[in-house]
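Beneath this line is the structure, given in structure tokens, with notes to follow.
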Amino acid sequence: MKMTFVNLSVLASVASCALASAADLEAAKRGETLYMQHQCYSCHGTQGQGGERNAGPKIFPNPTPFVAFELQMRTPRNVMPRYSVQNINAMQLKDLYAFMENMRTSPAVAQIPLLSNAMR
Ligand code: HEC
């Protein structure tokens, strides 16, 4: 009997994790739209890999903690444009961050048919 209860509670927590990550993915999707709309990609690259000729630093993997991200957006420390609450509100900031956390690393050369064929 005890085992059944434990199993059930494990199941319940797994289910709630799945729900949370679905919500995270939704947020990340909205964040991706914002990332494109506000042209973050033009300096940081579409996958956060960093821009040409140091236009913007690499921001993925290991994005800076949220507080630092928020600070950078509201009061950029150097040449990055400032994004005020009127441009990007607090909710949208969270969505953007969710996207930054869920960006994908670029595939290896061997996984890109055009490039791997060129290497032969
Ligand atoms: C015109 C180019 C440009 C645009 C557009 C831009 N950034 Fe930046 N970003 C930079 C530069 C350059 C830095 C380095 C710090 C500075 O100059 O303020 C930076 C720093 C950052 C950092 C901190 C990186 C670190 O390691 O400390 C984050 C996070 C970031 N940008 C996210 C964004 C997001 C999200 C957007 C879109 C809403 C955006 N940036 C738009 C150029 C840009």
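All of the numbers you see were taken from the coordinates with simple rules; none came from a lab. Nothing here was measured: the structure is a model prediction, and the numbers come from that model. Cβ placement follows ideal geometry from the backbone for every residue including glycine, while neighbour counts extend to all protein chains displayed.
Rounded, prolate or oblate, given the Cα gyration tensor of region 55-110, with a/c below 1.5 counting as rounded? Prolate shape, in that a/c is at least 1.5 and a/b is the bigger ratio. Extension gain, LEU25 to THR64, is 12.1 nm, computed as 0.36 nm per intervening residue step minus the present C-alpha separation. Using the average count of surrounding beta-carbon atoms within 10 Å as a protection proxy, the listed peptides 24-30, 44-50 rank, highest first, as 44-50, 24-30.
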